[in-house]
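Student: First, the structure itself, so that you have it in front of you.
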Amino acid sequence: MSKEIIVKNPATGEIVKEVKINSEEEINEAIKQGHDSFKKWSKVNAHERSRLLSNWSRIIQEHKEEIAEMMTLENGKPLSESRGEVDYATSYIDWYAEEAKRIYGRTVPASTETKRIIVSKQPIGLVAAITPWNFPAAMMTRKAAPALAAGCPFIVKPAVETPLTTMRLVELAHEAGIPTDVIQYVNGSGSVVGRIFTSSEYIRKITFTGSTPVGKQLIKESAETVKHVTMELGGHAPLIVAEDADLDFAIKQTMATKFRNAGQTCVCANRIIVHENIADAFSKKLAEEASKLKVGNGFDQDTQVGPIINEKGFSKIVAQIEDAIEKGAEVLAGNQYKADKEAGYFFIHPTVLINVNLDMVIMQEETFGPVAPIITFKTLEEAVEIANNTPFGLAAYFFTNNYKTGTYLHDHLDYGIIGWNDGAPSGAHIPFGGMKESGLGREGGVEGIEPYLETKYLSVGNL
Ligand code: NAP
């Protein structure tokens with residue numbers, strides 16, 4: 001078995017770096033160190049934890065260009081998007097540096113005069129995180145920042161495609177003064193490290209961002225030691241365009257949510273559901289805009305859409321497009337590829353499909369690529385039926401200027417994140433997370449620190 005992870009640039013297939021895979025002994029040692037650091041870290045006062053987190057954020061910002069370039073190198077996203085992700089990543093650290101100071105308890109009126117009731121919060125213990133490749137910085141800080149703010153030590157396993165960003169962020173945390181045993185990384189394949197994490201009695205919480213099947217597996221494994229879990233899993237976001245929508249605005253927002261990170265985001269619009277009376281105009285304009293996007297190496301200044309992360313991702317997307325065409329879809333834009341299996345790079349031009357129906361795989365499975373399938377609807381009830389008819393419930397979008405339509409859609413869509421005339425509803429200050437098979441728990445906002453805290457209740461009697 002290989003002892004190294006070979007990190008490749010997905011835009012060229014070139015080797016960027018070889019990273020050591022940690023042995024089981026090393027991972028268990030890291031877990032033990034993390035566990036041992038809990039006593040000390042949980043006693044560091046909240047203001048000091050806050051100060052250390054702010055230091056970390058500042059130092060990351062000082063290395064913004066270096067980290068952005070590292071992300072473009074290992075993930076492929078355009079450099080401008082990588083810079084944006086560094087800001088997004090530090091926004092979580094900034095937010096939880098503040099929240100560290102707001103972990104409040106409460107008193108509860110007792111049922112007799114002789115009692116006092118006090119509810120307090122305490123950190124749950126060592127947290128282990130497993131993160132995906134699509135947002136190598138932000139998916140890590142969205143977990144590390146609230147864990148550290150709450151007083152929990154943190155250990156992370158990044159995706160094998162993108163370990164470098166995580167490793168650098170952890171180094172910078174140490175530079176910021178966060179002890180080396182309080183925040184650590186380990187490298188290895190998910191199935192191996194995941195099992196070590198879930199079987200460890202020292203780890204009290206697993207926080208995972210990735211696909212739904214892996215999330216289910218981790219929930220099952222975590223049950224053995226009754227660990228807390230936060231699961232940020234797959235999505236299959238619907239985007240509904242009502243008859244009255246501002247078309248130009250809806251198209252601009254659809255472009256942003258659909259093609260950012262080459263469509264490799266969990267909240268990316270996967271199913272475009274458009275009122276039949278405006279579908280022609282919407283589809284033509286969307287195809288026109290999609291055709292203008294520049295596909296290429298993320299380091300080229302004018303690149304807007306980078307490569308697909310690997311061959312597996314590429315094959316899945318191409319299979320979905322082919323299946324749709326076979327079942328009657330028409331290509332309005334894209335369906336062009338620049339791929340070299342030998343060299344190891346895979347690009348897909350932004351693709352717009354019309355005449356889409358519900359039998360197509362693309363309407364049932366998460367795509368994770370730059371493909372916009374458009375399906376039409378007559379009534380709002382029908383639009384909601386299409387939108388909700390999936391096991392997923394992460395993000396949904398709709399465009400309408402009619403408040404009754406908007407209120408109806410908000411009330412009936414079974415999704416954790418909803419953008420009404422908004423294609424970019426994420427942020428450190430909001431509770432991000434999914435319903436149904438898209439996950440458990442929320443990250444971000446005041447809700448995002450709760451999963452790292454235990455509630456302890458004290459009843460004082462005989463007063
Ligand atoms: P993935 O295959 O589930 O991988 C994600 C992470 O899980 C990687 O670190 C991977 O390790 C690890 N892993 C794989 N198998 C494992 C196992 N048996 N036990 C424990 N860990 C294991 O997902 P992906 O394809 O990289 O990422 C895309 C998915 O993530 C999509 O479904 C997307 O929707 C979802 N996502 C969700 C959110 C959200 O907030 N809800 C955000 C971003 C992405 P390796 O490095 O060995 O592969």
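Student: Scan the stretch 192-235 residue by residue and report those that are part of a loop (DSSP other than H, G, I, E, B), buried (at least 19 other Cβ atoms within 10 Å of the Cβ) and near the ligand (Cβ under 6 Å from one of its atoms). Quick ask: steps written out before the conclusion?
Tutor: Pass one, the stretch 192-235, residues part of a loop (DSSP other than H, G, I, E, B): 200-202, 210-211, 224-227, 233-235.
If we keep only those that are buried (at least 19 other Cβ atoms within 10 Å of the Cβ) too, we end up with 200, 202, 210, 227, 233-235.
Residues satisfying the conditions are Gly210, Leu233, Gly234, Gly235.
Residue-by-condition table, conditions (1) within 15 Å of the ligand (Cβ to nearest atom); (2) in contact (Cβ under 8 Å) with a residue 60 or more places away in the chain:
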| residue | (1), (2) |
| --- | --- |
| Arg116 | no, yes |
| Ser120 | no, yes |
| Ala128 | yes, yes |
| Asn134 | yes, yes |
| Ala138 | yes, no |
| Lys143 | yes, yes |
| Ala147 | no, yes |
| Phe154 | no, yes |
| Thr165 | yes, yes |
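Student: Of all residues in the stretch 171-191, which are within 15 Å of the ligand (Cβ to nearest atom), surrounded by fewer than 21 Cβ atoms within 10 Å (Cβ to Cβ) and hydrophobic (A, V, I, L, M, F, W, C)?
Tutor: Hits for the stretch 171-191: nothing passes.
Conditions (1) within 16 Å of the ligand (Cβ to nearest atom); (2) open to solvent by 50 Å² or more (accessible area, probe 1.4 Å); (3) hydrophobic (A, V, I, L, M, F, W, C); (4) more than 26 Å from the chain's Cα centre (by Cα), marked per residue:
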residue	(1), (2), (3), (4)
Gln301	no, yes, no, no
Lys316	yes, yes, no, no
Asp323	no, no, no, yes
Gly328	no, no, no, yes
Phe347	no, no, yes, no
Val352	no, no, yes, no
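Student: How many of the residues in the stretch 371-387 are surrounded by fewer than 17 Cβ atoms within 10 Å (Cβ to Cβ) and within 26 Å of the chain's Cα centre (by Cα)? Spell out the reasoning first.
Tutor: At the first step, the residues of the stretch 371-387 found to be surrounded by fewer than 17 Cβ atoms within 10 Å (Cβ to Cβ) are 378-379, 381-382, 385.
Of the ones still in play, those that are also within 26 Å of the chain's Cα centre (by Cα) are 385.
Of the residues in the stretch 371-387, 1 are surrounded by fewer than 17 Cβ atoms within 10 Å (Cβ to Cβ) and within 26 Å of the chain's Cα centre (by Cα).
Student: When you check Leu239 against the structure, is it in contact (Cβ under 8 Å) with a residue 40 or more places away in the chain and touching a Lys or Arg at 6+ places or on another chain (Cβ under 8 Å), yes or no? Before the answer, list the steps.
Tutor: Details: in contact (Cβ under 8 Å) with a residue 40 or more places away in the chain: yes; touching a Lys or Arg at 6+ places or on another chain (Cβ under 8 Å): yes.
Considered against the rule, which asks whether it is in contact (Cβ under 8 Å) with a residue 40 or more places away in the chain and touching a Lys or Arg at 6+ places or on another chain (Cβ under 8 Å), Leu239 comes out as yes.
Student: Do we have any residue at all in the stretch 421-442 that's open to solvent by less than 20 Å² (accessible area, probe 1.4 Å), charged (D, E, K, R) and not assigned by TED's automatic domain parsing to the domain that holds Glu311?
Tutor: We begin by selecting, within the stretch 421-442, every residue open to solvent by less than 20 Å² (accessible area, probe 1.4 Å); these are 423, 427-428, 432-434, 438-439.
Going one step further and asking which of them are charged (D, E, K, R), we end up with none.
Looking through the stretch 421-442, none of the residues is open to solvent by less than 20 Å² (accessible area, probe 1.4 Å), charged (D, E, K, R) and not assigned by TED's automatic domain parsing to the domain that holds Glu311.
Student: Filter the stretch 242-254 down to the residues that are under 20 Å from Gln304 (Cβ atoms), touching a residue at least 60 places away in the same chain (Cβ under 8 Å) and among the hydrophobic types (A, V, I, L, M, F, W, C), then identify the one that is surrounded by the fewest Cβ atoms within 10 Å (Cβ to Cβ).
Tutor: Phe249
Student: Continuing with this model, one more query. Does Val16 qualify as being modelled with pLDDT of 95 or more and either charged (D, E, K, R) or open to solvent by less than 10 Å² (accessible area, probe 1.4 Å) (or both)? Write out each step before concluding.
Tutor: On the way: modelled with pLDDT of 95 or more: yes; either charged (D, E, K, R) or open to solvent by less than 10 Å² (accessible area, probe 1.4 Å) (or both): no.
Answer is no for this residue.
Student: Let me ask something additional. Has the stretch 42-55 got at least one residue that is touching a Pro at 6+ places or on another chain (Cβ under 6 Å) and modelled with pLDDT of 95 or more?
Tutor: Initially, the stretch 42-55 is screened for residues touching a Pro at 6+ places or on another chain (Cβ under 6 Å), giving 42.
Now restrict to residues that are modelled with pLDDT of 95 or more: 42.
So far as the stretch 42-55 goes, yes, one or more of its residues are touching a Pro at 6+ places or on another chain (Cβ under 6 Å) and modelled with pLDDT of 95 or more.
Student: Do we find a residue being part of a loop (DSSP other than H, G, I, E, B), more than 26 Å from the chain's Cα centre (by Cα) and polar (S, T, N, Q) anywhere in the stretch 260-283?
Tutor: Just the residues of the stretch 260-283 that are part of a loop (DSSP other than H, G, I, E, B), to begin with: 264-268, 276-278.
In the following step, the residues that additionally are more than 26 Å from the chain's Cα centre (by Cα) were identified as 276-278.
Okay, now just the ones that are also polar (S, T, N, Q), so 277.
The answer is yes; a qualifying residue exists.
Student: Counting only residues that are crowded, with 17+ Cβ neighbours inside 10 Å and of a type in the set (Gly, Ala, Ser), which one in the stretch 284-293 is nearest to the chain's Cα centre (by Cα)?
Tutor: Once the filter is applied, the top-ranked residue is Ala290.
Student: Restricting attention to the stretch 437-463, which residues are more than 12 Å from the ligand (Cβ to nearest atom) and under 21 Å from Ala237 (Cβ atoms)?
Tutor: Of all residues in the stretch 437-463, those more than 12 Å from the ligand (Cβ to nearest atom) come to 445-447, 449-463.
Correct list: Gly445, Glu447.
Student: Check off (1) over 21 Å from Gly210 (Cβ atoms); (2) in a helix (DSSP H, G or I); (3) in contact (Cβ under 8 Å) with a residue 24 or more places away in the chain; (4) assigned by TED's automatic domain parsing to the domain that holds Gly215 for Glu454 and give me the number that stays unchecked.
Tutor: Every listed condition holds for Glu454 apart from (2).
Student: Residue under question is Glu98, and the condition is that it be open to solvent by 40 Å² or more (accessible area, probe 1.4 Å) and within 16 Å of the ligand (Cβ to nearest atom); does it hold?
Tutor: On the way: open to solvent by 40 Å² or more (accessible area, probe 1.4 Å): yes; within 16 Å of the ligand (Cβ to nearest atom): no.
So Glu98 fails the test.
Student: Residues of the stretch 140-191 being in a helix (DSSP H, G or I), under 15 Å from Tyr96 (Cβ atoms) and of a type in the set (A, V, I, L, M), which ones? Give the derivation first.
Tutor: Within the stretch 140-191, the subset in a helix (DSSP H, G or I) is 140-150, 163-175, 190-191.
Narrowing the set further to residues that are under 15 Å from Tyr96 (Cβ atoms) leaves 140-150, 169, 173.
Scanning the stretch 140-191 gives Met140, Ala144, Ala145, Ala147, Leu148, Ala149, Ala150, Leu169, Ala173.
Student: So for the stretch 104-123 (the condition being open to solvent by less than 50 Å² (accessible area, probe 1.4 Å), touching a His at 6+ places or on another chain (Cβ under 8 Å) and among the β-branched types (Val, Ile, Thr)), does at least one residue qualify?
Tutor: No, every residue in the stretch 104-123 fails to be open to solvent by less than 50 Å² (accessible area, probe 1.4 Å), touching a His at 6+ places or on another chain (Cβ under 8 Å) and among the β-branched types (Val, Ile, Thr).
The values are calculated or read from the model by the stated rules, or taken from the named source; none is laboratory data. Since we're looking at a predicted model, the values are computed, not measured. Please note: Cβ atoms are built from the backbone with ideal geometry, for glycine as well, and neighbour counts cover all protein chains shown. Only protein heavy atoms, including side chains, enter the accessible area calculation; ligands, DNA and RNA are left aside. Shrake-Rupley method; radii C 1.70, N 1.55, O 1.52, S 1.80 Å.
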